[in-house]
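Below you'll find the structure, written out as structure tokens, and then a few comments.
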């Protein structure tokens with residue numbers, strides 16, 4: 001069975017699709033077979049990113065390693081068993097088609113609570129939650145007292161992850177490795193950044209996730225999307241000289257891959 005990596009966060013703009021694309025492409029460039037699913041049926045940012053990559057490679061005559069992207073299959077509602085939900089059948093069919101041909105399956109979830117997202121979280125071997133480094137986004141994980149900075153309780157999203165963990169335990173599956181990715185970290189050590197870091201550290205022990213540094217705020221990510229390229233493609237596929245910001249971003253990606261501790265993946269940082 002393929003190892004399932006899910007990028008999930010119920011707030012938009014956290015960098016889920018960018019993270020999913022860089023993880024999927026990096027693993028493919030390392031020689032792993034990677035499947036990809038986009039469960040955001042409305043925006044499809046991850047799916048469009050991959051489609052942009054295929055179009056750019058065809059136009060430029062490039063051989064760009066990448067994931068095997070599959071849209072969710074069409075299912076005749078009349079074929080559903082009594083009580084069976086369409087979303088469950090679609091996701092199960094998509095995963096069945098990818099498992100035998102993949103070492104890893106990367107699933108990008110929408111920035112909202114849906115049945116598909118709930119199912120994907122329960123199936124995740126590794127759950128990556130990109131989080132913008134602010135208390136606005138920290139609220140996704142927990143409620144806190146603004147005066148004392150103390151965590152007062154988990155959020156709805158954290159409770160959904162807990163339920164996913166319970167479902168896996170009842171099914172005899174291994175626990176989810178939940179990784180919270182601190183994205184868009186400022187270059188300077190600001191007071192708010194320290195407060196967020198302290199709160200995340202305390203919360204990680206309470207509800208069980210690992211905190212790792214993610215990507216800094218960089219213009220290059222917005223420039224890569226139309227061509228479907230990632231940081232690892234800049235030198236050989238795009239033929240672009242790497243500036244210091246690009247080099248730092250590539251190092252951030254290598255550090256992320258190493259911190260995920262994926263089976264069969266050796267990364268030197």
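The values are calculated or read from the model by the stated rules, or taken from the named source; none is laboratory data. What you are looking at is a predicted structure, and each value in this text was computed from that prediction instead of being measured. Cβ sites come from the backbone with ideal geometry, for glycine too, and all protein chains shown count toward neighbours.
Each residue in segment 9-25 was checked for being in contact with a strand residue (DSSP E or B) (Cβ under 9 Å, 6 or more places away or on another chain) and assigned to a helix (DSSP H, G or I), and 9 pass.
Given the structure, is residue 73 in contact with a helix residue (DSSP H, G or I) (Cβ under 8 Å, 6 or more places away or on another chain), at pLDDT 90 or above, over 17 Å from residue 181 (Cβ atoms) and surrounded by fewer than 22 Cβ atoms within 10 Å (Cβ to Cβ)? Criteria met by residue 73. Of the residues 64, 86, 27, 72, the single one that is closer than 30 Å to residue 174 by Cβ, in contact (Cβ under 8 Å) with a residue 24 or more places away in the chain and more than 17 Å from the chain's Cα centre (by Cα) is 72.
A residue that is in contact with a strand residue (DSSP E or B) (Cβ under 9 Å, 6 or more places away or on another chain) and surrounded by 17 or more Cβ atoms within 10 Å (Cβ to Cβ) occurs nowhere in segment 218-231.
Taking the criterion of being assigned to a helix (DSSP H, G or I), touching a strand residue (DSSP E or B) at 6+ places or on another chain (Cβ under 7 Å) and farther than 16 Å from residue 128 by Cβ, the only residue of segment 26-43 that qualifies is 28.
Yes or no, residue by residue, for (1) touching a helix residue (DSSP H, G or I) at 6+ places or on another chain (Cβ under 6 Å); (2) under 23 Å from residue 257 (Cβ atoms); (3) at pLDDT below 95:
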residue: 57; (1), (2), (3): no, yes, yes
residue: 64; (1), (2), (3): yes, yes, yes
residue: 88; (1), (2), (3): no, no, yes
residue: 100; (1), (2), (3): no, no, yes
residue: 104; (1), (2), (3): yes, yes, no
residue: 113; (1), (2), (3): no, no, yes
residue: 120; (1), (2), (3): no, yes, no
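Quick check: is even one residue across segment 159-182 exposed (fewer than 14 other Cβ atoms within 10 Å of the Cβ) and modelled with pLDDT under 80? No, segment 159-182 has no match at all. Note on segment 232-268: residues that are over 16 Å from the mean Cα position of the chain (by Cα) and assigned to a helix (DSSP H, G or I) total 10. Being surrounded by 19 or more Cβ atoms within 10 Å (Cβ to Cβ) and over 20 Å from residue 116 (Cβ atoms) narrows it down to one residue among 20, 57, 24, 2; which is it? Exactly one residue qualifies, and that residue is 57. The set of residues in segment 130-183 being closer than 21 Å to residue 3 by Cβ, in contact (Cβ under 8 Å) with a residue 40 or more places away in the chain, under 19 Å from the mean Cα position of the chain (by Cα) and assigned to a loop (DSSP other than H, G, I, E, B) consists of 176 alone.
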